[in-house]
Every structure is written in structure tokens, then in C-alpha cells.
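Below is one structure; the comments refer to it alone.
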Amino acid sequence: MSKLRVQRGDGDTVDLEAETVQALAADLRGPLLSERSEGYDVARRIWNAMIDRRPALIARCAGTADVIRAVDFARTHDLLLSVRGGGHNVAGNAVCEGGLMIDLSDMRGVHVDAATRRARAAGGATWGDFDAETQIHGLATPGGLISDTGVAGLTLGGGLGWLTPSYGLSCDNLVSLDVVTADGRLVTASAEQNADLFWGLKGGGGNFGIVTSFEFQLHGVGPILFGGMALHPLDEAAAVLPEFIAFMSTSPDELGGLAAFTTTPEGDPALALIAVYNGPIPAGEAAIAPLRAIGDPLADTFAAMPYRVLQTLFDAGAPPGLRYYWKSSFLDALPEQAIDTVIEAIRRRPSPLCKIFLEFLGGAFAGPPRESAVFDHRNSPYNLLVIGAWEAAAEDEAGRAWTRDVWEAMADHASEGVYVNYLGTVGDEGTDRLAEAYGPGKYERLVALKTKYDPSNLFQMNQNIPPAT
Ligand SMILES: Cc1cc2nc3c(=O)[nH]c(=O)nc-3n(C[C@H](O)[C@H](O)[C@H](O)COP(=O)(O)OP(=O)(O)OC[C@H]3O[C@@H](n4cnc5c(N)ncnc54)[C@H](O)[C@@H]3O)c2cc1C
């Protein structure tokens, strides 16, 4: 076997001896894939089909020991390293070109301790895995809206979901994490142990190590909740959306809400008003009644349904394999002019797959003190997410231009901040955007933490915070 050329973290390449690669393969419990291995193409594929990278090696880790061995191997040979959790991030940092990809997608175990209301999820678990195991006990913690999004990436960046107004972000519900650091140590981060690292992992992404286990606080949820959506024709949106905004501004903390500009099965642009009530069904019905009375919807799907079903409502609308490009900002306000801007934008969307989301924040989202986590912008009332989505590479230019235009047209209403999990590639966004994501003072603290835990920037395929070194 000839040598294997592998990308290094510093941009250079290294030729690894066949025996060196074989020794790693023998040391791992899970398979080590290279370009010629069966399953290589499936393993390198992620949610966003725009990302088409070819790692030299993919370590499909079977457990924490594999993760440590793969990290040690990458560090010893100065390899470019990427880490795959759920593979959902739009920026595509889970896959590297020519380096070593540490793939946790076989590590999906979730263990629930119903007595203490705690759950542990392995580093590659999805929210579908998590909800399946916690809901048999009638328990849950805030997680993402799509069931195959990774617990890892979502939580490490913050984590917004239907339960956020009730219980805060996913990261606010962390009790502890097991982390493999750049020097190959396995450490625990919690309020009591390595508290600085614990703080950094609540919003700082994959910068500080590979998390092999997340321990969450759980809450009694459902298992049946009241929720759904009312779908309005776009022509009614200028009248309907202000009413929804007013409704959400006085809604109880149990209510999670979202306004989604989307496309009907018939191909017409439309506005979906979506809400989920976390509490008894009659209380949910009563709380959502004023929303259902707004305008004259084309469809009303509100009903009592299992929380697990509510957690999959959007799955079909965000399938893997499309080409995606996102832009996002927190918004200070949604005046009439902003509403007109998004309505006009969705009318001229280049593909019916494009969407614009207005997420309603507040409640427990705003609760924790600013210093409790890296995640910032707790006072933002809204989050804008412009979702460019299309099928063919030939549509890339038009799709990207539309997404950027909409986002720029909303700039007057945006606050400085952005949700780090909705950021695109660093080259596209600019490094200042990342500093803005964390707000004043926090970015500098993150650089110091990065310098302490990963001075050589081994973990650089993420929304990267370069170390001071
Ligand atoms: C369809 C869709 C729906 C979404 N819905 C929501 C939502 O409802 N709420 C919300 O808040 N966000 C949502 N997001 C955004 C989501 O939070 C981010 O995309 C998140 O990064 C996805 O995590 P992942 O593990 O699937 O991603 P990956 O692409 O696997 O990883 C993302 C980043 O985290 C790092 N990483 C992954 N696993 C680990 C680990 N175990 N240890 C250390 N670093 C790791 C990766 O290296 C990468 O830098 C959604 C995204 C998509 C595409």
C-alpha cells in the first residue's frame, strides 16, 4: 500500500505511511474509512448538499476511547481535523477537505434517569433519539425543531426550540459534559468541575474539544401537547402578521411561536403561524384560541398531539440533500416596514423551497443572567432566519443573491448579534460576525479559554475562535 497524503491543519500536507494508518485502524473499535472504503461516500455526506468535501480518513468512532485515539492521532501528525455530530450545520464544518473527520454518528445512545430527571446523550445523538428515550417517561428538555439535528452542535451553540420560552435554551439545561480535549484528556465540565470550560461550552461550539456525553436536566412535558399551525395566503400576511406579533407579545411563557413564510403544496407563497403550548391540553387550546381566530386561514392543523410528533412537524420541510444557504440576525423590532420587506421578498423567491422564519423569543430565553453562558443577546425579541434552498448547482448564484438581499434589506431592524448556529462559513460572514455573536467582553474571554484548552487550534473546523498563540 502506498502512502496516504493527508491535509494538515496549517495548510500543508503530510504523507502517512500505510503502517501508520493501519495501526490507527487496528486501534479503533469503529471502522476507519478512506476513499476506497465501502460507505465512504455516505459517511462524508451531510445535510447541506452544497458541502462536497472529501476527507482523507473518516474515523467512525464506536465510543469515547476511539475519540481519544483519533484526537491523539490528529494531534501527533498535525492533521486537519473535523468533527461530525448530527451533520446538520449549514456551514458544513463537520466535514474537512483532505483531513481526518471524526464521525460520532454511531454514538447515539441516550440514557434517562427518571428519578433524578436527568438524561445523558452521546456525542452523535439526534433530537429524535433524545425525545424517543425521554418521552417514554413524559420528560424532555428544550431541543431543536427537526428530529435529525444533532444534540451536540445545537446544544454547543445554544439551542432554540418549542420549550425554550418555558425552560430556556438547550445549553441552559446542561448539567455536565464529558469532553475530549486537544491534548487527548477526558475531562468533565460542570458548575463544580472545570467551570470555565462549562461556561465556554454553553454557546462556544466545538472550539474546546469533542463532547462525548451531554448530561441534561429534564422537565415533565406532555407526552400530549396542543399545537400546530394556521396557514394564511400571502395576500393576507400584511394584516395577519401584526396580529400574530401582538398575540405573541402577551403570550404566556408556556407558548412557543414561529411565523414561517413558506410555499403551499400548490406552489403559492403563504404565511404559517405556528405555536406549541407546553402544558395541559385545555389550557393550550384556550391560549391558542386567539391565534386561531386571526383572519381566515387556508388550513388550521391545531390539535392535541404527542410532543414527539410536534418535534417532527418540520422534518419534511427541511430534507437533507438540497443546496442550502442561510443568513440570520436577531431583530430589535418588527415594524410595518419590516413586515412589508419580508412579504415582498418571499414573493420573488428564486425557488419554492426558500423560506423566511421569524422566531419569537422571550420567556425563559431571557431569564438567565448574561454571565451564565457564552450565549448572548438574551433581550432580543425576535430572530430572523432567511433560508435559501434549491435543488441544482446552477441555481446557486440566484439563491445566494436572494438570501443575502433579504438579509441586507432587514438590516435596519437587526440588532448587532447573530445566533452562532445559524452562521454560514467564516469566509462568507467575516470574523467580526463571530465576535458580534458573543457580544462585548465575552469574545475576549473565549479567546483566553481557547488558548488554555486548544493552543494549537486543533479544533479549527467550527465557528472558529483562534487562540491568542
Ligand atoms: C434543518 C435544520 C433545523 C434546525 N433547527 C434548529 C432549531 O430548531 N433550533 C436551533 O437552535 N438550531 C437549529 N438548527 C441549527 C443547528 O443548531 C446547527 O446547525 C447545529 O450546529 C447542528 O448540530 P449538528 O450536531 O447536527 O451539526 P454538525 O454539522 O455535526 O456540527 C456542527 C458543529 O458542531 C461541532 N460538533 C458536532 N458534534 C460535536 C461534538 N460531539 N463535540 C464537539 N463539537 C461537535 C462540529 O464540528 C461543527 O463545528 C437547525 C439546523 C438545520 C439544518
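The values are calculated or read from the model by the stated rules, or taken from the named source; none is laboratory data. These figures come from a predicted structure and were not determined experimentally. Note that we place each Cβ from the backbone using ideal geometry, even for glycine, and neighbour counts take in every protein chain shown. What goes into the accessible areas is simple: the full protein's heavy atoms, side chains included, and nothing from ligands, DNA or RNA. Shrake-Rupley method; radii C 1.70, N 1.55, O 1.52, S 1.80 Å.
Observations on the model:
- Listed by position, the helices (runs of 4 or more DSSP H) inside region 132-217 whose residues that are near the ligand (Cβ under 7 Å from one of its atoms) and modelled with pLDDT of 95 or more number at least 1 are 151-157.
- Positions within region 423-469 being under 20 Å from ARG378 (Cα atoms), open to solvent by less than 20 Å² (accessible area, probe 1.4 Å) and within 20 Å of the chain's Cα centre (by Cα), in sequence order: LEU423, LEU434, ALA437, TYR438, GLY439, LEU446
- Considering the conditions (1) in the same structural domain as TYR324 (by TED's automatic domain parsing); (2) within 14 Å of the ligand (Cβ to nearest atom); (3) not basic (Lys, Arg), MET461 is excluded by exactly one of them, (1).
- Against the numbered list (1) farther than 21 Å from ASP253 by Cβ; (2) buried (at least 23 other Cβ atoms within 10 Å of the Cβ); (3) of a type in the set (Gly, Ala, Ser), SER147 comes up short only at (2).
- Cross-chain or 6+ apart pairs with Cβ under 9 Å, region 282-302 first and touching a residue at least 24 places away in the same chain (Cβ under 8 Å), then of a type in the set (Gly, Ala, Ser) and surrounded by fewer than 14 Cβ atoms within 10 Å (Cβ to Cβ): ILE294/ALA239; GLY295/ALA239
- Some residue of region 161-182 being open to solvent by 20 Å² or more (accessible area, probe 1.4 Å), under 12 Å from the mean Cα position of the chain (by Cα) and of a type outside the set (D, E, K, R): no
- Enumerated helices (runs of 4 or more DSSP H) restricted to region 243-355, each holding at least 1 residues that are closer than 23 Å to PRO165 by Cα and open to solvent by 40 Å² or more (accessible area, probe 1.4 Å): 281-292, 307-310
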